[in-house]
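Written out below as structure tokens is the structure these notes cover.
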Amino acid sequence: MTSHEREVLLISGPNLDLLGEREPEIYGTETLASHVATALAAAARYDLSLRHFQSNHEGDLIEAIHAARGTAVAIVINAGALTHTSWALHDALAAFDGVIIELHLSNPAARESFRHTSVIAPVADGVIAGFGALGYELALTAVERCLEERAKGAS
Ligand code: DQA
């Protein structure tokens, strides 16, 4: 299978466009563009292609998930604060057949109590949180491993 046939959609939710300036003591000083570059390099190592989409609007994120149906093999999603509230994102992800990895730079479980619930986690294959920039590499490794497991299950 060529990388063209194995596209991963990386989704970044609200306020992640401000990375680098926003609460650097929590989220670090690297920009979103830098994290996307890390994810692109990791994807290339696994012969995966990667497309990135960022929006501050819940509906646009939902449309992006819908568009990934039948075109992407996996979604890596850092939904920002929508992680904790958006049943609409939960439902959109539930309608996506591929691998789903929930990603966070910080460890929400170690922060304010409103961050302790993820409404996305129940429809994700797994969650990577608390590793900062490294999470973008780990997420692609997790995608590749999940795709391998699915391929084994299908054969
Ligand atoms: C975040 C954690 C969320 O709780 C927060 O609202 C964010 C970023 C993270 O990457 O650590 O916007 O998803």
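With respect to ALA151, is the statement that it is in contact (Cβ under 8 Å) with a residue 12 or more places away in the chain and either buried (at least 18 other Cβ atoms within 10 Å of the Cβ) or assigned to a helix (DSSP H, G or I) (or both) true?
no
Quick one: in segment 92-116, of everything that is assigned to a loop (DSSP other than H, G, I, E, B) and more than 10 Å from the ligand (Cβ to nearest atom), which residue is farthest from ALA39 (Cα to Cα)?
Result: ALA95.
Would you call THR71 part of a loop (DSSP other than H, G, I, E, B), of a type in the set (S, T, N, Q) and more than 19 Å from ILE101 (Cβ to Cβ)?
For THR71, the condition - part of a loop (DSSP other than H, G, I, E, B), of a type in the set (S, T, N, Q) and more than 19 Å from ILE101 (Cβ to Cβ) - is not met.
So if I check each of ARG51, ARG45, which one is over 18 Å from ILE128 (Cβ atoms) and either at pLDDT 95 or above or small (Gly, Ala, Ser) (or both)?
Checking each option against the conditions leaves just ARG51.
SER34 versus (1) among the small types (Gly, Ala, Ser); (2) surrounded by 14 or more Cβ atoms within 10 Å (Cβ to Cβ); (3) over 13 Å from the mean Cα position of the chain (by Cα); (4) part of a loop (DSSP other than H, G, I, E, B): which is the lone unmet condition?
Among (1) among the small types (Gly, Ala, Ser); (2) surrounded by 14 or more Cβ atoms within 10 Å (Cβ to Cβ); (3) over 13 Å from the mean Cα position of the chain (by Cα); (4) part of a loop (DSSP other than H, G, I, E, B), the lone unmet condition for SER34 is (4).
Can you spot a residue in segment 122-136 that is more than 16 Å from the ligand (Cβ to nearest atom), surrounded by fewer than 21 Cβ atoms within 10 Å (Cβ to Cβ), part of a helix (DSSP H, G or I) and among the charged types (D, E, K, R)?
No, segment 122-136 contains no residue that is more than 16 Å from the ligand (Cβ to nearest atom), surrounded by fewer than 21 Cβ atoms within 10 Å (Cβ to Cβ), part of a helix (DSSP H, G or I) and among the charged types (D, E, K, R).
The values are calculated or read from the model by the stated rules, or taken from the named source; none is laboratory data. Everything numeric here is computed off the predicted structure, so don't read it as measured data. So basically every Cβ, Gly included, is an ideal-geometry build from the backbone, and we count neighbours across all protein chains shown.
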